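Have a look at the structure below, then the notes.
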Amino acid sequence: QVQLEESGGGLVQPGGSLRLSCVAPENIFRYYVMGWYRQAPGQQRELVATIRSGGRTRYASFAEGRFTISRDNAENSVLLQMNSLQPEDTAVYSCYAGVGAGHWGQGTQVIVSS
């Protein structure tokens, strides 16, 4: 099993920022696509952003211009910098590793509220 260790969630006010981190096994991190998805209560899980081993990125429309996904190669981690957060961004954010059928982290809660 692939263990993905997530951190960085929390409670922020509208307009605030959070940075999520996902630490992956080195052999997975180096060679496979990784990313972040989110799921609000009662909603389906949806793509936020992905990043390939070569650095190419993909963003959902709601994330474009506000969120930035990146790789920290020294720490085997994928970062998601989220700026200008809005209440509709409230969700559980889960790390994804695109190896085999795909692996998921346990999720980290993000709440945007005043």
Pairing a residue in the range 5-20 that is closer than 16 Å to Leu79 by Cβ and open to solvent by 30 Å² or more (accessible area, probe 1.4 Å) with any residue that is assigned to a loop (DSSP other than H, G, I, E, B) and not hydrophobic (A, V, I, L, M, F, W, C), where Cβ atoms lie under 6 Å and the two sit 6 or more apart in sequence or on different chains, gives Ser17/Asn83; Arg19/Gly8
Do we find that Leu79 is open to solvent by 20 Å² or more (accessible area, probe 1.4 Å), closer than 15 Å to Ser17 by Cβ and either in contact with a Gly (Cβ under 8 Å, 6 or more places away or on another chain) or assigned to a strand (DSSP E or B) (or both) in this structure?
yes
Could you run through the range 27-73 and say how many residues are under 16 Å from Val92 (Cβ atoms), open to solvent by less than 80 Å² (accessible area, probe 1.4 Å) and of a type in the set (Lys, Arg)?
1
Where a residue in the range 84-97 is touching a residue at least 12 places away in the same chain (Cβ under 8 Å) and its partner, wherever it lies, is open to solvent by 40 Å² or more (accessible area, probe 1.4 Å) and charged (D, E, K, R), with Cβ under 6 Å and at least six apart
Ser84/Arg66
Being more than 26 Å from Leu11 (Cβ to Cβ), touching a Lys or Arg at 6+ places or on another chain (Cβ under 9 Å) and touching a residue at least 24 places away in the same chain (Cβ under 8 Å) is true for just one of Tyr37, Tyr32. Which residue is that?
Tyr32
Condition test on Phe62, is it farther than 16 Å from Gly8 by Cα and touching a helix residue (DSSP H, G or I) at 6+ places or on another chain (Cβ under 9 Å)?
yes
Pick from the range 91-114, criterion out of contact with any Ser or Thr (no Cβ under 6 Å at 6 or more places or on another chain), part of a loop (DSSP other than H, G, I, E, B) and farther than 15 Å from Pro25 by Cβ, ranking: least open to solvent (accessible area, probe 1.4 Å):
Ser113
So Glu88 passes all but one of these: (1) under 15 Å from the mean Cα position of the chain (by Cα); (2) under 18 Å from Gln109 (Cβ atoms); (3) not aromatic (Phe, Trp, Tyr); (4) not in a loop (DSSP other than H, G, I, E, B). Which condition number does it fail?
(1)
Test set (1) open to solvent by less than 50 Å² (accessible area, probe 1.4 Å); (2) over 10 Å from the mean Cα position of the chain (by Cα); (3) of a type in the set (A, V, I, L, M, F, W, C); (4) under 19 Å from Gln109 (Cα atoms) - Val2 fails condition number:
(4)
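The values are calculated or read from the model by the stated rules, or taken from the named source; none is laboratory data. Everything quoted here is computed from the prediction, not taken from an experiment. When we count neighbours, we look across all protein chains shown, and the Cβ atoms used for this are built from the backbone with ideal geometry, even at glycine. Just so you know, the surface numbers come from the protein's heavy atoms only, side chains and all, with ligands and any DNA or RNA stripped out. Shrake-Rupley method; radii C 1.70, N 1.55, O 1.52, S 1.80 Å.
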